[in-house]
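Below: the structure, in structure tokens.
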Amino acid sequence: MTNPWIIIIFPVITGIISLFLNSERWRKIILVVVAFTHLFCTIKICSGDSSLIESTWIGVDHLTRLFLMIVSLLFTGSSIYSMAYLDNHPHLNGPALIGPKVLGNSNAVFVACMQFFLAAMSLAVLSMNFGLQWIGIEATTLASTPLIYFHRSRRSLEAAWKYLILCSVGIALALMGVFFLAMAMTSHVQLFTSAGMVLFAGYLKVEWLKVAFIFFLVGYGTKMGLAPMHNWLPDAHSEAPSPVSAMLSGALLNCAFLGILRIYQVCAAIPAMTTFASDLLILLGLLSLAASGIFILHQPDYKRMLAYSSVEHMGILATGVGLGGAAIAGAMLHAIAHSLIKASLFLLSGNILCAYSSKRIEDVKGLLKVLPATGILWLAGFLAITGAPPFATFISEFAILRVALQTKSWATAIMFLLFLLLVFIGMLTIFSQMTLGKHSEAGEHKDAKESLLQLVTPAVFLSFALILGCYLPDFIRNTIDGAALLLGGRVL
Amino acid sequence: MNTIAALLTLSSLLLLGSSRLRMTIKMVAFQGFLLGLLPLTGKVEHLSMAIVLSVCSITLKGILLPWMLARAMDKSGTKREIEPFISFGATMLMGIALLVVSGWIVAKLQNTQQLASPVCLTTGFFLVFSGLLLLITRRKAITQTIGFLVLENGVFATGLSLGSEFSVFVELGILLDVFVGIFLMGIMLFHIDKEFDHIDADRFNELSDLDLAHFDSEDISE
């Protein structure tokens, strides 16, 4: 049995080492080695039995397994991509720290912060104790802020500042929620973990739990990008380097979502709380869907478009969990599928940005001719993210919609469909403009080239999403069903 | 405990009404110091843990962070907050209103539950509110940082007065997170100053989807 603490502490140590390293090559090797070690340990941990479930601090249950796999896979993919990305964006080389003096050395800081980011996300996912989880989620904000400011431009500075302030304030409110949740406990409840509280759900004080849930939802909801609090998200995701955007969108949002799920798990154990929590989740979910649908329609910037699409998918996740029953399992599948697809789209957008050196949609034309492989994957990604049939997103969205119809929540179902359609139309126009449009100045991008490193991750992730749509392997199905049961839902 | 709570309330009222940045930084340092004393005044179960926590809190929030903010202020050469969206007098009045609101919330809460220290809880809520108020109404990035610090102090005070006992490791972890957060903000203050020639966060408008007229806010420099 691998000790889960390893995958939290190991990246921190290697991250600190890579701050002092002089050689660009070694730093990259460390990054990839850490990624694969993390993936290996994650598989070991996830395949082991969940004997740690009684633990006070960190443990492994089905929810942890699901989200830890996502984080680890995405990090591995992004780190492979980063090898090529760092070559294309040469910054200063050399160690970031010489003695007490800190140099603003981008590449060393980038590699180190990626690893700290990984450690923080692993902590956020693995922690069972609510206080520890708060520390993990706040640490993800801190580790990722320097990554967003990687390009050192005014725009990235603005994005990073907004991100840091808004998320910190949001998470400070979540800390209030943690304190209130502690008030909900009575002397019967021994452990300050979701499992411990579910066990003694009857002894919890419902009023305090209600207040705590609201603070959790607003606090972690800010980090997750739910609608009224999503302002930072398009900026941060569009200004960050592409491998970082992929991590932010695919892994980080899920970590914050897990923060909400943990308290939802407690709420689901108390009948009086379940409807209250579910209604709030559905409300915020539909609001997110609406906001992204509106802002995606005339979006001039393709990375921002992807960012708004993340808001949309977080809305789908919240709505799915709010609807309950089999929709929760649908939402879990959707979380996996969205992470894989959105990460590959962000990585592909990095290829496009490299070739065209513009984020404006109107500047990108004839993608299929200029970058054939990227163009084809970009189109496949479009089909996947909008939930076209062979992909896993179709199954999950369909499962959520089916539950909405079965429970006769007509308003939710209609709005859900309407906003999905709106997003589909918005994305269709954008993607068709980019890929199909005639390329007028064909000679300009002759030097545009695609390296294998930049293509392998998106291709693999997209084919995963395709395979999951056709055939759900047993261990993934078990994990999804287990997670849904923990949250009071039904199997897929 | 109640004396400290009263002092905390007073200091944040002064924060809301003051235009001089040096004054606000001093007030925040004072608050950090008071907060450090707070864990020692209640019923103390593990004295050594409480002392560790209080020493860490005073060093970080009372000394290190204010020192760093003061340095950021000196480097950027800004001495006072430019006219905020809502005038200083008005924010102070709003602060008093918020104090009443926090008192009301705590009174409501007391109906359902016996609270360990209602006065301190009122202060906690009030600090949270005034931190948010500072964040919303002020333009300088440095004042927003101070606002966040006040908010964080409020959350801390709320937690202490609710008597929700965490393990000391969690408390230290929270403290560390907050410290690194403010530290990052401090570093970014330098960069913002260098890039934009000012630290007015409200003139951040290069990233916006709502084409709210990019009105040229009148250049107010020191």
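Values quoted throughout were computed directly from the atomic coordinates according to the rules given, and no laboratory measurement underlies them. Since we're looking at a predicted model, the values are computed, not measured. Cβ: placed from backbone, ideal geometry, glycine included. Neighbour counts: every protein chain shown.
Segment A:2-22 to segment B:104-158: how many Å between their Cα centroids?
First find each Cα centre; the distance between them is then 37 Å.
Using the 10 angstrom Cβ neighbour count as an exposure proxy, how do A:303, B:108, A:223, A:205 rank, fewest first?
B:108, A:205, A:303, A:223
Using only the alpha carbons, work out the radius of gyration and Dmax of segment A:360-404 in angstrom.
14.4, 43
Looking at segment A:326-443, I'd like the Rg to Rh ratio, where Rg is from alpha-carbon atoms and Rh is Kirkwood's inverse mean 1/r.
1.07
For segment A:253-300, rounded, prolate or oblate, judged on the Cα gyration tensor with a ≥ b ≥ c (square roots of eigenvalues), a/c < 1.5 rounded, else prolate if a/b > b/c?
It is oblate, given that a/c is not under 1.5 and a/b is not larger than b/c.
Neighbour counts of other C-beta atoms within 10 Å: give me A:472, B:132 arranged from fewest to most. Don't jump to the answer; show the numbers that get you there.
Numbers: A:472 16, B:132 19.
Ranked by crowding around the Cβ, least crowded first: A:472, B:132.
Take every Cα pair under 8 Å in chain A that's 6+ residues apart, average their separations, divide by the length, and report that relative contact order as a whole percent.
16
Per residue of B:183-191, what is the mean number of Cβ atoms on other protein chains within 10 angstrom of that residue's Cβ?
Mean shielding count: 4.
How long are the three semi-axes of the equivalent ellipsoid for segment B:107-199, computed from the Cα gyration tensor as the root of 5 times each eigenvalue, in whole Å, largest first?
Its equivalent ellipsoid spans semi-axes of 31, 17, 6 Å.
What average count of beta carbons from other chains do you get within 10 Å of the Cβ of residues in B:144-152?
That works out to 3 on average.
Are there any GluC sites (Glu not before Pro) in segment A:352-446 that are in a DSSP loop and have at most 14 other Cβ atoms within 10 Å? List them by number. Kindly include the intermediate steps, with their values, before the conclusion.
Values: sites: A:362, A:397, A:441, A:444; in loops: A:441, A:444.
The qualifying sites are A:441, A:444.
Calculate how large, on average over all directions, the projected area of the Cα convex hull of segment A:109-220 is; give the answer in nm² to one decimal.
Over all viewing directions, segment A:109-220 projects a mean Cα-hull area of 7.0 nm².
So, how do all the Cα-to-Cα distances of segment A:180-269 break down into 5 Å bins, in percent, from 0 on up?
Once binned at 5 Å, the Cα pair distances of segment A:180-269 give 3, 14, 21, 19, 13, 10, 9, 7, 3, 1.
Just check segment B:145-190 against the gyration tensor rule for me: Cα atoms, a ≥ b ≥ c as the square roots of the eigenvalues, rounded for a/c under 1.5, and otherwise prolate or oblate depending on whether a/b exceeds b/c.
The shape class here is oblate.
Averaged over its residues, how many other protein chain Cβ atoms are within 10 Å of peptide A:161-173's Cβ atoms? Present the calculation step by step, with values, prior to reporting the outcome.
Details: counts 12, 3, 0, 7, 10, 1, 1, 10, 8, 0, 5, 12, 4.
Mean partner shielding for this stretch: 6.
Please give the Cα centre distance for segment B:167-188 versus segment A:334-408, rounded to the nearest Å.
37
From the square roots a ≥ b ≥ c of the eigenvalues of the alpha-carbon gyration tensor of segment B:19-62, which class results: rounded (a/c under 1.5), prolate (a/b over b/c), or oblate?
Details: a/c = 6.82, a/b = 2.73, b/c = 2.50.
Since a/c reaches 1.5 and a/b is larger than b/c, the shape of segment B:19-62 is classed as prolate.
Looking only at segment A:184-217, which residues have a backbone nitrogen under 17 Å from a spot 7 Å from the Cα of residue B:112 in the C-beta direction?
A:184-187, A:202-217
Could you pull the Rg and Dmax for the protein assembly as shown, using just the Cα atoms, both in Å?
Over the protein assembly as shown's Cα set, Rg and Dmax evaluate to 24.7, 76 Å.
Let me know the Kirkwood hydrodynamic radius for segment A:306-389, please, with Cα pairs as the basis and the value in Å to one decimal. Could you put the intermediate results ahead of the total?
Numbers: mean 1/r = 0.0715 Å⁻¹.
Taking every pair of different Cα atoms in segment A:306-389, averaging 1/r and inverting gives 14.0 Å.
Which order do peptides A:239-245, B:138-144 fall in by mean Cβ count within 10 Å, highest first?
A:239-245, B:138-144
Counting only other residues whose beta carbon sits under 12 Å from that of residue A:314, what net charge do I get with K and R as +1, D and E as -1?
On the way: positive: A:223, A:342; negative: A:312.
Neighbour charge sum, excluding residue A:314 itself: +1.
Which ordering of A:270, A:13, A:6, A:328 is given by a fewest-first count of other beta-carbon atoms within 10 Å?
Arranged by neighbour count, lowest to highest, A:270, A:13, A:6, A:328 become A:13, A:6, A:270, A:328.
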